1. For the subset of segment B:92-104 comprising residues that are out of contact with any Gly (no Cβ under 8 Å at 6 or more places or on another chain) and part of a strand (DSSP E or B), which member is nearest to the other protein chains (Cβ to nearest Cβ)?
2. What residue, of A:THR124, A:THR40, A:THR27, is farther than 28 Å from B:VAL92 by Cα and at the interface with another protein chain (Cβ under 8 Å from one of its Cβ atoms)?
3. Residues being farther than 26 Å from A:CYS86 by Cα and open to solvent by less than 50 Å² (accessible area, probe 1.4 Å): count how many of those fall in segment B:93-128.
4. Name the residues in segment A:1-32 that are surrounded by fewer than 17 Cβ atoms within 10 Å (Cβ to Cβ), within 21 Å of A:GLY59 (Cα to Cα) and within 13 Å of DNA strand D (Cβ to nearest atom), would you?
5. Evaluate segment A:65-75: report whether one residue or more is within 7 Å of another protein chain (Cβ to nearest Cβ) and outside any strand (DSSP E or B).
6. Would you confirm whether or not segment B:63-74 contains a residue that is charged (D, E, K, R) and over 30 Å from A:TYR119 (Cα atoms)?
7. Considering segment B:1-24 alone, what residues qualify as being in a loop (DSSP other than H, G, I, E, B) and either closer than 20 Å to B:LYS91 by Cβ or within 8 Å of DNA strand C (Cβ to nearest atom) (or both)?
8. For B:CYS89, state whether it is within 13 Å of the chain's Cα centre (by Cα), outside any strand (DSSP E or B) and within 13 Å of another protein chain (Cβ to nearest Cβ).
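The values are calculated or read from the model by the stated rules, or taken from the named source; none is laboratory data. In this text, all values refer to a predicted model and were calculated from it rather than measured experimentally. Using ideal geometry, Cβ is built from the backbone for each residue, glycine included, and neighbour counts are taken over all protein chains shown. Please note that ligands, DNA and RNA were not included when accessible areas were found on the heavy atoms of the full protein model with its side chains. Shrake-Rupley method; radii C 1.70, N 1.55, O 1.52, S 1.80 Å.
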2 protein chains.
Amino acid sequence: MSVRQTKTKSLILESLQKSKQAISHETIQHELEGHVDRATIYRVLNRFCEEGIVHRVVGDDGKQYFAICLNCAEQHHQHNHFHFRCISCGKVECLQQEIALNLPKGYKAQNFNGVVSGYCDLCTRTDK
Amino acid sequence: MSVRQTKTKSLILESLQKSKQAISHETIQHELEGHVDRATIYRVLNRFCEEGIVHRVVGDDGKQYFAICLNCAEQHHQHNHFHFRCISCGKVECLQQEIALNLPKGYKAQNFNGVVSGYCDLCTRTDK
DNA sequence: TAATTATTGCGACTTAGTTGCAATAATAAG
DNA sequence: CTTATTATTGCAACTAAGTCGCAATAATTA
């Protein structure tokens, strides 16, 4: 199954690149001003994940967020970094710090999903 | 708003205690053999979380899992440990290792949610 | 230019979790 | 023990996220 280059895909990829953060399906849909169907966006995002150009994070709000793979496309491709989700402004950003995890004997890791939620610097000062 | 002791609550608490793991609403409902309403289970679990006797983990499957707070009831009460979710048998267990996280300046953590999914020892050997 | 088939839009569907409301039952007050 | 107060429960309806089947559209290849 080959891959085709389409306008929709390009737009979604742009959205992801422009925002240097992890964004939700909703954000993308909003940015595309409703010109693209919900289901399509989901499918494209899932495709990008398969292709390894994007990684998925599930927030502690139960929602999926997607972010461009930066320094891992060529590398091992395990994303052992955390994400910070701001409860106030809603942004989700990748934290640099890589985490070393000790799994019990015989356990095989497949997917790392680390999220901390709280208040980002801006919201801590602004909001209150 | 005070707290009342009810049969339902006791049963749910027992389920949580018996299973030394993080379990989903579904598991509890199953264990209670459908004698308790879905919504009630959710409400009780949320209550337990508020009271601080249980902590909630959101898996990378987007579902909520609940586990008794073991060595933190008296302590600081931040659960900086990871959870392992087995893709094959579905169990979710708390890992001991505590994680030290460096947040950017000014960021305030509120909730730690770490999950690694993969195959547990048993499933690695059994399943295939 | 035509044929192949990945992609898209639409609508219907699933699953997790929440909420309003009336009925029930723990607990406190008398 | 009886009554009053109100936390808790069950039910049904609802929301929101995400998926899926199918027919129509449009990249790519021949």
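1. If we filter segment B:92-104 for residues that are out of contact with any Gly (no Cβ under 8 Å at 6 or more places or on another chain), which is where we start, we get B:93-98, B:100-102, B:104.
Among the residues that remain, those that are also part of a strand (DSSP E or B) are: B:93-98.
On the way: B:GLU93: 9, B:CYS94: 11, B:LEU95: 7, B:GLN96: 9, B:GLN97: 6, B:GLU98: 11 Å.
This residue is B:GLN97.
2. Values: A:THR40 fails: at the interface with another protein chain (Cβ under 8 Å from one of its Cβ atoms); A:THR27 fails: at the interface with another protein chain (Cβ under 8 Å from one of its Cβ atoms).
Matching residue, one of A:THR124, A:THR40, A:THR27: A:THR124.
3. Looking only at segment B:93-128, we keep the residues that are farther than 26 Å from A:CYS86 by Cα, and these are B:93, B:96, B:118-128.
Now drop any that are not open to solvent by less than 50 Å² (accessible area, probe 1.4 Å), which leaves B:93, B:118, B:120-121, B:123-124.
Going through segment B:93-128 one residue at a time, the tally reaches 6.
4. Hits for segment A:1-32 are A:GLU26, A:HIS30.
5. Of segment A:65-75, the ones within 7 Å of another protein chain (Cβ to nearest Cβ) are none.
Checking segment A:65-75: not a single residue is within 7 Å of another protein chain (Cβ to nearest Cβ) and outside any strand (DSSP E or B).
6. At the first step, the residues of segment B:63-74 found to be charged (D, E, K, R) are B:63, B:74.
Subset that is over 30 Å from A:TYR119 (Cα atoms): none.
No, the conditions are met nowhere in segment B:63-74.
7. Residues satisfying the conditions are B:SER2, B:VAL3, B:ARG4, B:GLN5, B:THR6, B:SER19, B:LYS20, B:GLN21.
8. Numbers: within 13 Å of the chain's Cα centre (by Cα): no; outside any strand (DSSP E or B): yes; within 13 Å of another protein chain (Cβ to nearest Cβ): yes.
No, not satisfied.
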